[in-house]
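These notes concern the structure reproduced below.
The values are calculated or read from the model by the stated rules, or taken from the named source; none is laboratory data. On a predicted model such as this, the values are computed, not experimentally measured, just so you know. Quick reminder, even Gly has a Cβ in these numbers, built from the backbone with ideal geometry, and neighbours come from all protein chains shown. With ligands, DNA and RNA removed, areas are computed over all heavy atoms of the protein, side chains included. Shrake-Rupley method; radii C 1.70, N 1.55, O 1.52, S 1.80 Å.
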Amino acid sequence: MPSPQQPIGSGFGAAATTADVIRGIDLSGRTVIVTGGHSGLGLETTRALRSAGATVVVPARNPDRARALLAGIDGVEVDELDLMDPASIDAFAVRFLATGRPLHILVNSAGIQNVPLTRDARGYEAQFATNHLGHFQLTTRLWPALRQAGGARVVTVSAWAHNLSPVVFDDPNFERREYDGWLGYGQSKTANILFAVGVDQRGEAEGIRGFSLHPGLIIGTNLSPWTTPEYLLTNNLVDEHGNRVVDPESGRKTPEQGASTIVWCATAPQLDGVGGVYCENNEVSPLLTVPDETIDVMTGRVETAVGVMSYAVDPRLADRLWQLSEQLTNSRIR
């Protein structure tokens with residue numbers, strides 16, 4: 001069977017915006033959850049999906065702050081959720097399931113990047129815990145609502161940084177190896193892609209399809225508060241005057257352009273019958289067989305080629321990660 005990881009001719013390119021890809025899409029009567037939906041790419045995603053008529057639920061660690069940032073966008077509900085706190089995840093899921101609503105689209109957008117070594121209460125490394133395990137637990141807890149939709153999409157935001165590391169199954173939480181923030185981030189982004197494959201493996205028969213994506217290189221998203229002006233300048237993310245460099249073909253995008261691939265994965269009719277794929281530039285990405293050597297975040301080179309590493313979409317590794325995630329979160333599809 002040929003790999004589904006092949007471009008489909010979407011008609012959209014790297015410069016497309018959320019307004020472009022949502023045009024003509026009617027989400028009236030649909031319910032959507034967007035983690036991190038109050039800032040950065042998540043905010044643009046919330047705005048676009050709401051503009052098409054969806055009711056959008058934005059769970060946030062600080063609901064009051066989220067409400068302030070979402071002011072002016074009607075039809076958005078805010079609730080409390082901390083992806084580093086298993087009890088908080090369960091409580092949010094219980095509250096949502098109690099409404100009896102189907103969940104048509106789940107966007108797993110919240111994330112952290114290249115943080116100092118931090119562990120949650122269980123001892124799990126923060127990037128793996130937040131970017132992957134928290135969203136794994138959330139998705140499995142919300143599975144009954146996804147099933148109820150009779151056709152749902154789970155979209156998980158990954159990144160080109162998956163090139164930096166596969167999932168190190170023998171030591172995912174850096175208990176026996178030296179911690180490196182970029183390797184931890186890369187591992188979590190590979191996990192996001194494998195998770196989308198796993199969602200699709202388990203959900204296709206029930207109409208639940210999984211997608212992952214790279215949105216591009218977008219500054220000002222609050223993902224990396226550590227990013228220095230020197231880093232931004234060195235990587236041509238800003239010019240000498242501090243203005244954002246926009247060059248979509250090299251991945252340097254506005255938030256509206258970056259979020260477009262999230263919205264495209266969540267809504268595009270062209271993806272009906274497709275799932276378990278990694279996307280970028282509003283298109284299904286081709287497979288890479290060797291790491292993208294243009295990426296070297298250690299020395300500041302982040303030019304990116306299009307494509308996804310084969311280890312990130314391997315169905316066997318996706319199944320292995322799913323089983324590990326069940327063990328680490330004590331969360332299973334019901």
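Here are a few things to note about the model shown:
- The accessible surface of segment 100-164, taken with every protein chain in place and a 1.4 Å probe, is 56 percent carbon and sulfur.
- One chain, two ends: ARG320 and ALA87. Fully extended at 0.36 nm per residue, the span grows by 81.4 nm beyond their Cα-Cα distance.
- Across segment 27-167, C-alpha contacts under 8 Å between residues 6 or more apart give a mean separation that, scaled by the residue count, equals a relative contact order of 24 percent.
- Relative intensity, log₁₀ I(q)/I(0), of segment 44-85 from a Debye sum that treats every alpha carbon as a point, q = 0.20 Å⁻¹: -0.58
- Segment 123-148 and segment 77-110 have Cα centres lying 10 Å from one another.
- Shape summary of segment 153-201, radius of gyration then Dmax from alpha carbon positions: 11.4, 37 Å.
- Estimated Rh, segment 85-166: Kirkwood, alpha-carbon pairs, angstrom: 14.0 Å
- Both radii were evaluated on the Cα set of segment 35-171; the Rg over Rh quotient, with Rh as the Kirkwood radius, amounts to 0.96.
- Of the peptides 81-91, 252-262, the order by per-residue mean of other Cβ atoms within 10 Å, starting with the highest, comes out as 252-262, 81-91.
- Restricting the calculation to alpha carbons of segment 84-125 gives Rg and Dmax of 14.0, 40 angstrom.
- Model label points for ARG65 and VAL115, set 7 angstrom from Cα along the Cα-to-Cβ axis, are 1.1 nm apart.
- Net lengthening on full extension, THR99/ALA15 (0.36 nm per residue, minus Cα-Cα): 26.4 nm
- For segment 117-210, the Rg and Dmax computed from alpha carbons only, in angstrom: 14.3, 45
- Remark: segment 73-119 carries 43 Å² of accessible area per residue (probe radius 1.4 Å; ligands, DNA and RNA excluded).
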